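Note sheet for the following structure.
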Amino acid sequence: MPPPSTHRRAIRRTDDFTPGTPKTKLVSEPLTPLSPTSVLIKVHAIALNYRDANIANGGNPWPVTPNGILGNDAAGEVIAVGDKVKTLVVGDRAAPITDTENISNREHTRSWLAADEDGVMADYIVFDERVLCRLPSYLSWVEAAMVPCAGVTAWSALKGMRIGQTVLIQGTGGVSVFALKLARAAGLRIILTSSSDAKLAQMSEKLGNPPISTVNYAKFPDWEEEVLKLTNGVGVDIVVENGGTSSLVKSLKCTRRGGVVSQVGYLAKQDPSQLRELVPTIIDRRVILRGINAGSKFDMEDFCAALEAAQTPLTDLIDRVFPFEQAEEAVEYVWQGKQIGKIVLRV
Ligand SMILES: NC(=O)c1ccc[n+]([C@@H]2O[C@H](COP(=O)([O-])OP(=O)(O)OC[C@H]3O[C@@H](n4cnc5c(N)ncnc54)[C@H](OP(=O)(O)O)[C@@H]3O)[C@@H](O)[C@H]2O)c1
């Protein structure tokens, strides 16, 4: 079947990091012709992550290609396939994985969307079938767009947890609200931190019974002590660690001996001098520190299967939906940290 469109609209970075100038531009560009194993997807929704705002503002800790297309969380519909494609057909709902070289977690190279290669903030995208994953059928496009990055990251960060264990989740951003949802569904006890009492109250009300425990990390600079008090001095079984250097040692100190810290984020200003106590603390507490890089294609398939089986609605994770044409405003909204949960562009 010939592609229904020869051009696409895409949101590319301006790479102008001067405060107050636009960080993105809407461009029209030719679509790459389909190779025998590639798939053309009509994108219906794109979810934003902190990473998009950080990359657009020049803060990404890893190199990025010049003027690249933003975005690594999207949902769309297959509208054309190359003649050797075996795993997807026209009409399927699909999205690419964030690290397109991580199929099974055994690969030793990586290529991140929106950094090493163009991302998904466009109305049409073309990817090889091997990096595409089917999305759950019960979700709306806006809900499904949150699955590939924020969802899979939360899934990977909580991997291995058992019912009855305690998780510490930091902040009320996109990955955190997903982790909250999964932790509740998995029967974990939840301790949530935030810099805002209002956000903590809002999340406590949303989650209802059993009540979650909360700590305001801005009011209590030694919040790890509060977390220890909440766990009778033992510490939590697992941390969804979002701060990076500013919070990692504190997170280790309030994790039980032999527990797990999943290093997901780097939201605070990163300063290696804050890691002076890292080695003694990690040895003393015998904590397993694991890096999270979204997840593999197999992780995404497992997560989608879990969602499909539980039919968990995700609408309550959405803070605001912007039209595709307002990508600039949406990226700025995330950069200012105004959201509780996810910001999504509808195409
Ligand atoms: N490793 C991966 O695979 C992966 C995947 C996706 C994202 N990430 C990273 O994970 C982090 C979270 O991403 P996101 O998209 O969820 O971000 P987000 O939606 O922008 O989250 C922002 C929220 O995080 C909280 N926060 C800010 N600074 C914090 C700090 N120093 N300590 C604890 N919480 C803090 C704030 O919550 P309150 O206002 O409630 O305080 C803020 O509203 C980012 O660093 C992102 O780059 C990593």
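Closer than 20 Å to GLY341 by Cα, touching a strand residue (DSSP E or B) at 6+ places or on another chain (Cβ under 8 Å) and of a type outside the set (Ser, Thr, Tyr): is that true of LEU168 in this structure?
yes
Provide a single number: the residues in the range 17-73 that are more than 23 Å from THR6 (Cα to Cα) and either among the small types (Gly, Ala, Ser) or not assigned by TED's automatic domain parsing to the domain that holds PHE322 (or both).
Of the residues in the range 17-73, 6 are more than 23 Å from THR6 (Cα to Cα) and either among the small types (Gly, Ala, Ser) or not assigned by TED's automatic domain parsing to the domain that holds PHE322 (or both).
When CYS304 is evaluated against the numbered criteria (1) within 15 Å of the ligand (Cβ to nearest atom); (2) within 19 Å of ASN72 (Cβ to Cβ); (3) hydrophobic (A, V, I, L, M, F, W, C), which criterion, by number, is the only one it fails?
Result: CYS304 fails condition (1) only.
For residues in the range 169-194 being among the β-branched types (Val, Ile, Thr) and within 11 Å of the ligand (Cβ to nearest atom), which is farthest from LEU317 (Cα to Cα)?
Going through the qualifying residues, I end up with THR193.
Any idea which of SER213, SER247, SER262 is buried (at least 17 other Cβ atoms within 10 Å of the Cβ), within 21 Å of GLY164 (Cβ to Cβ), within 13 Å of the ligand (Cβ to nearest atom) and polar (S, T, N, Q)?
Details: SER213 fails: within 13 Å of the ligand (Cβ to nearest atom); SER247 fails: within 21 Å of GLY164 (Cβ to Cβ).
Residue meeting the stated conditions: SER262.
How about the range 282-306: which of its residues are in contact with a Leu (Cβ under 8 Å, 6 or more places away or on another chain) and part of a helix (DSSP H, G or I)?
ILE282, ARG285, CYS304
Would you be able to tell me the number of residues in the range 45-72 that are farther than 17 Å from ARG320 by Cβ and either of a type outside the set (A, V, I, L, M) or loosely packed, with under 15 Cβ neighbours inside 10 Å (or both)?
Adding up the residues that qualify gives 14.
Name every residue in the range 73-93 that is hydrophobic (A, V, I, L, M, F, W, C) and surrounded by fewer than 23 Cβ atoms within 10 Å (Cβ to Cβ), in order of residue number.
Taking the range 73-93 first, the residues hydrophobic (A, V, I, L, M, F, W, C) are 74-75, 78-81, 85, 88-90.
Correct list: VAL78, ILE79, ALA80, VAL81, VAL85, LEU88, VAL89, VAL90.
I'd like the full set of residues that are within 26 Å of LYS86 (Cα to Cα) and among the polar types (S, T, N, Q), limited to the range 1-40.
Residues satisfying the conditions are SER5, THR6, THR32, SER35, THR37, SER38.
Could you grab me the full set of residues in the range 247-293 that are of a type in the set (Gly, Ala, Ser) and at pLDDT below 95? First the steps, then the outcome.
The initial filter retains those residues of the range 247-293 that are of a type in the set (Gly, Ala, Ser), namely 247, 251, 258-259, 262, 265, 268, 273, 291.
Once the filter is applied, which keeps residues that are of a type in the set (Gly, Ala, Ser) and at pLDDT below 95, the range 247-293 yields GLY265, ALA268, SER273.
Quick check, is VAL147 closer than 28 Å to VAL261 by Cβ, within 18 Å of the chain's Cα centre (by Cα), within 11 Å of the ligand (Cβ to nearest atom) and surrounded by 24 or more Cβ atoms within 10 Å (Cβ to Cβ)?
Here the answer is no, as VAL147 does not meet what is asked.
Within the range 104-123, which residues are touching a Ser or Thr at 6+ places or on another chain (Cβ under 6 Å) and in contact (Cβ under 8 Å) with a residue 60 or more places away in the chain?
SER104, ASN105
Do we have any residue at all in the range 170-193 that's in the same structural domain as GLN263 (by TED's automatic domain parsing), among the hydrophobic types (A, V, I, L, M, F, W, C) and in a loop (DSSP other than H, G, I, E, B)?
Yes, some residue in the range 170-193 is in the same structural domain as GLN263 (by TED's automatic domain parsing), among the hydrophobic types (A, V, I, L, M, F, W, C) and in a loop (DSSP other than H, G, I, E, B).
The values are calculated or read from the model by the stated rules, or taken from the named source; none is laboratory data. The structure presented is a predicted model; accordingly, all values stated were derived computationally and were not measured. Here the Cβ is made from the backbone with ideal geometry for all residues, glycine too, and neighbour counts use every protein chain on show.
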